[in-house]
Amino acid sequence: MAENGRKILVAIDEGDESMYALTWCLNNVISEHSKDTLILCYVKPPRAVSTAMEGTVWAFSPDVMASIERYSNGVAQCVIDKAKRACKHLNDVKVEIAVEQGDPRDMICELAEKLNVDMLVMGSHGYGLIKRAFLGSVSNHCTQNAKCPVLVVKKPKSNGSNDKH
């Protein structure tokens with residue numbers, strides 16, 4: 001650990017899993033009076049330029065592109081605000097925000113390396129084998145490719161009667 005504390009990158013997104021991982025990190029990794037730096041990272045999806053549908057390419061107008069960008073920025077701000085509220089009780093811990101754009105798998109690993117963090121913390125969506133094969137697992141990619149220790153926090157399944165089986 002560095003004399004000035006650790007640099008811990010926490011990947012956040014719209015899902016409950018990432019907020020659970022952040023809360024778990026705050027309760028189990030971060031000391032309230034440490035000199036740690038907590039970096040909250042949100043990755044916006046890549047900009048949409050065009051889409052192919054049945055062999056036809058549709059280009060989005062500038063107005064549609066601007067609307068998509070405003071929506072993406074709004075979602076990012078909501079996620080960041082929620083994460084910052086979770087960190088508000090920290091006294092000596094420095095909280096920084098990083099917003100990137102692109103493939104989350106690559107951007108999170110690149111940011112962790114660029115910032116030379118001591119640890120990457122992220123949630124797990126708990127996809128099954130089939131979903132993971134089609135969608136890809138961000139946490140799996142990061143555990144394989146990040147050049148720092150990666151802590152994947154899995155949200156426990158609730159045992160409530162409203163669970164879907």
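The values are calculated or read from the model by the stated rules, or taken from the named source; none is laboratory data. All figures in this text were calculated on a predicted structure; none of them were measured in a lab. For neighbour counting, all protein chains shown are included, and Cβ atoms are generated from backbone atoms with ideal geometry for every residue, glycine included.
Say we look at segment 57-107 and pick out the residues that are acidic (Asp, Glu) and part of a loop (DSSP other than H, G, I, E, B); which of these is modelled with the highest pLDDT?
Per the criteria, the residue is 103.
Consider residue 131 against the criteria (1) at pLDDT 85 or above; (2) part of a helix (DSSP H, G or I): it satisfies all of them except one. Which criterion is unmet?
(1)
Does segment 15-36 contain at least one residue that is touching a Pro at 6+ places or on another chain (Cβ under 7 Å), buried (at least 19 other Cβ atoms within 10 Å of the Cβ), among the hydrophobic types (A, V, I, L, M, F, W, C) and modelled with pLDDT of 90 or more?
Taking every residue of segment 15-36 in turn, none turns out to be touching a Pro at 6+ places or on another chain (Cβ under 7 Å), buried (at least 19 other Cβ atoms within 10 Å of the Cβ), among the hydrophobic types (A, V, I, L, M, F, W, C) and modelled with pLDDT of 90 or more.
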